[in-house]
Amino acid sequence: MSTVDATGETARRPLTGRRVHVGDLLLQGVAGVAAAAATLLVVLIAYKVVDGARPAIEQFGAGFVGHVGWDPVKKSFGGASFLYGTAVTSAFALLLAGPLAMGVALFLTELAPSGIRAPVTALVETLAAIPSVVIGLWGILVLGPVLRTDVMPFLHDTLGFIPLFGPTSTGSSLFTAIVVLTIMVLPIVSSISRELFLGVPDELKDGALALGTTRWEMVRGVMFPYARGGVAAALILGLGRAVGEAIAVTQVVGGFVGTPVNLFSPGDTLASRIAAEYQGAASNLQVASLIYLGLILLVFSLLVNLLAQWIVRRAARRSGLAGARA
C-alpha cells in the first residue's frame, strides 16, 4: 500500500521488494522512454538555437542584450529595445488580464446562474482556441481604430501628466499590443483559476458563510488563500503566453526599434521581430542575431515554467502540512 508523508504527498512504491509483473515493467519502460524523449527534445532544441546564434554571440557577446539598435545595413544588432517591448507589453497585459480573469472565474463558480454558467464557460474557453492571426486581424481592423479614436485620446486627456499616456500615434502602438495580449491571456488564466476555485472544499465555504461572513469575505478569506499557489502559477503561465506571442503582436505593435516610455507609441517585441524578419534576413549575421533573440525567449520560457512548477509544489506542500496539523 502507498503511504502519505508529512507533506501530504503519496509515497511511491518501488518495484524492488515486491512481485514484479510484466505490465509494471512495460509501463515503467514506456513512461521512462517518453520522459527521456521529452528531455532530449528540449536539449536538442536548446543546442540548435545556441548553435544558430553562435555567430551573433561571438560578434556581440553579452552586450547584445543591452544594445539598443537594429541596423541590417550596418550589421549592427541589439536586443534591448525588443526586450523592453516584450517586458512592457507582457507586464501590462498581465496587469490587466489578472483581475479580469479572477472576476470571470469567480463569476462562473460563485455568482453565475446555473442556466448561463455552462454557455459562458464554453465561450471563454473558445476564446482561447481562436487563432492568434485572427485576433491580430481583428486588432488591425476593429480594435486599433477604436483605441486610436476613442480610448487613447481619453486616457491622454485624463492621465496625460503621466509619461505612459503621452500623445497618441496614428498607427500601431504598444498599447494596442497590450490590449490584444490581454485578450489572449484572459481565457487561459480564467480557465485555470475557475478549476482551482471549483476545487475549494464546499465545507470550508459553507463553514465561513455559517459563521456570518459575507460572500466577498468568504472569497477573500477562504477561496483565495486556498487557491493562491495555483492562481500564481496560472498568472505566470499567462505571462509566458504573452511573452511568446508573435503573430498577433506583429500585426499591431508597429515594428519600431527603440524604448519609448509612451505606451501610445509604436514598439516591438522579441517574438514579433523574429516573425517579421527571419524569412527576409539579408545576411547570416542578421539570421544569427534573430536566433539570438530566440535564445533569450527560450531561456525566459524555461525559467517561467520552472518558476510555475516551484510555486505549485510549494503551495501543495503547505496545504499538506496544514492538513497534517489539522
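The values are calculated or read from the model by the stated rules, or taken from the named source; none is laboratory data. The structure presented is a predicted model; accordingly, all values stated were derived computationally and were not measured. As a convention, Cβ positions derive from the backbone with ideal geometry for all residues, glycine included, and neighbour counts pool all protein chains shown.
Looking at VAL133, VAL68, VAL124 in this structure, which one is among the hydrophobic types (A, V, I, L, M, F, W, C), touching a residue at least 12 places away in the same chain (Cβ under 8 Å) and surrounded by 15 or more Cβ atoms within 10 Å (Cβ to Cβ)? Being among the hydrophobic types (A, V, I, L, M, F, W, C), touching a residue at least 12 places away in the same chain (Cβ under 8 Å) and surrounded by 15 or more Cβ atoms within 10 Å (Cβ to Cβ) holds for just one of VAL133, VAL68, VAL124, which is VAL124. Filter segment 169-205 down to residues that are among the small types (Gly, Ala, Ser) and part of a helix (DSSP H, G or I), then give me how many there are. Qualifying residue count, segment 169-205: 4. Taking segment 166-198, which residues are among the aromatic types (Phe, Trp, Tyr) and either touching an Asp or Glu at 6+ places or on another chain (Cβ under 8 Å) or surrounded by fewer than 20 Cβ atoms within 10 Å (Cβ to Cβ) (or both)? PHE197 - this is the single residue of segment 166-198 that is among the aromatic types (Phe, Trp, Tyr) and either touching an Asp or Glu at 6+ places or on another chain (Cβ under 8 Å) or surrounded by fewer than 20 Cβ atoms within 10 Å (Cβ to Cβ) (or both). Restricting LEU174, LEU181, LEU147, LEU164 to residues that are out of contact with any Leu (no Cβ under 8 Å at 6 or more places or on another chain), in contact (Cβ under 8 Å) with a residue 60 or more places away in the chain and of a type in the set (A, V, I, L, M, F, W, C) narrows the list to LEU181.
Being closer than 19 Å to GLY52 by Cα and either in contact (Cβ under 8 Å) with a residue 12 or more places away in the chain or over 19 Å from the mean Cα position of the chain (by Cα) (or both) narrows it down to one residue among SER265, SER272; which is it?
The unique qualifying residue is SER272.
Assess whether PHE77 counts as being surrounded by 15 or more Cβ atoms within 10 Å (Cβ to Cβ), within 20 Å of the chain's Cα centre (by Cα) and over 27 Å from SER191 (Cβ atoms). So PHE77 fails the test.
If you check VAL120, VAL134 for being part of a helix (DSSP H, G or I), at pLDDT below 90 and either among the aromatic types (Phe, Trp, Tyr) or on the phi < 0 side of the Ramachandran plot (or both), only one passes: VAL120. May I ask you to verify whether GLY221 is part of a helix (DSSP H, G or I), under 22 Å from SER265 (Cβ atoms) and modelled with pLDDT under 90? No; evaluated as a whole, the condition is false for this residue. For ALA208, are the conditions met, namely being within 30 Å of LEU298 (Cβ to Cβ) and out of contact with any Pro (no Cβ under 9 Å at 6 or more places or on another chain)? No: the conditions fail for ALA208.
Residues in segment 168-180 that are in contact with a Phe, Trp or Tyr (Cβ under 8 Å, 6 or more places away or on another chain) and either of a type in the set (A, V, I, L, M, F, W, C) or farther than 17 Å from THR259 by Cβ (or both): THR168, LEU174, PHE175, ILE178. Selection of segment 125-173 for residues being among the hydroxyl-bearing types (Ser, Thr, Tyr) and within 19 Å of THR269 (Cβ to Cβ) yields SER132, SER169, SER172, SER173.
This table checks each residue for (1) assigned to a helix (DSSP H, G or I); (2) modelled with pLDDT under 85; (3) among the basic types (Lys, Arg).
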position: SER265; (1), (2), (3): no, no, no
position: ALA271; (1), (2), (3): yes, no, no
position: LEU285; (1), (2), (3): yes, no, no
position: ILE291; (1), (2), (3): yes, no, no
position: LEU295; (1), (2), (3): yes, no, no
position: LEU298; (1), (2), (3): yes, no, no
position: LEU302; (1), (2), (3): yes, yes, no
position: VAL312; (1), (2), (3): yes, yes, no
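Of all residues in segment 152-179, those being in contact with a Ser or Thr (Cβ under 9 Å, 6 or more places away or on another chain) and of a type in the set (A, V, I, L, M, F, W, C) number 7. Screening GLY230 against (1) at pLDDT 85 or above; (2) more than 21 Å from LEU270 (Cβ to Cβ); (3) in a helix (DSSP H, G or I) leaves a single unmet condition, (1). Considering LEU204, LEU209, LEU198, the condition of being over 30 Å from ALA248 (Cα atoms), touching a residue at least 60 places away in the same chain (Cβ under 8 Å) and either polar (S, T, N, Q) or touching a helix residue (DSSP H, G or I) at 6+ places or on another chain (Cβ under 8 Å) (or both) is satisfied by LEU198 alone. Count of segment 41-65 residues, restricted to those that are surrounded by fewer than 11 Cβ atoms within 10 Å (Cβ to Cβ) and either touching a helix residue (DSSP H, G or I) at 6+ places or on another chain (Cβ under 6 Å) or among the aliphatic types (A, V, I, L, M) (or both), is 4.
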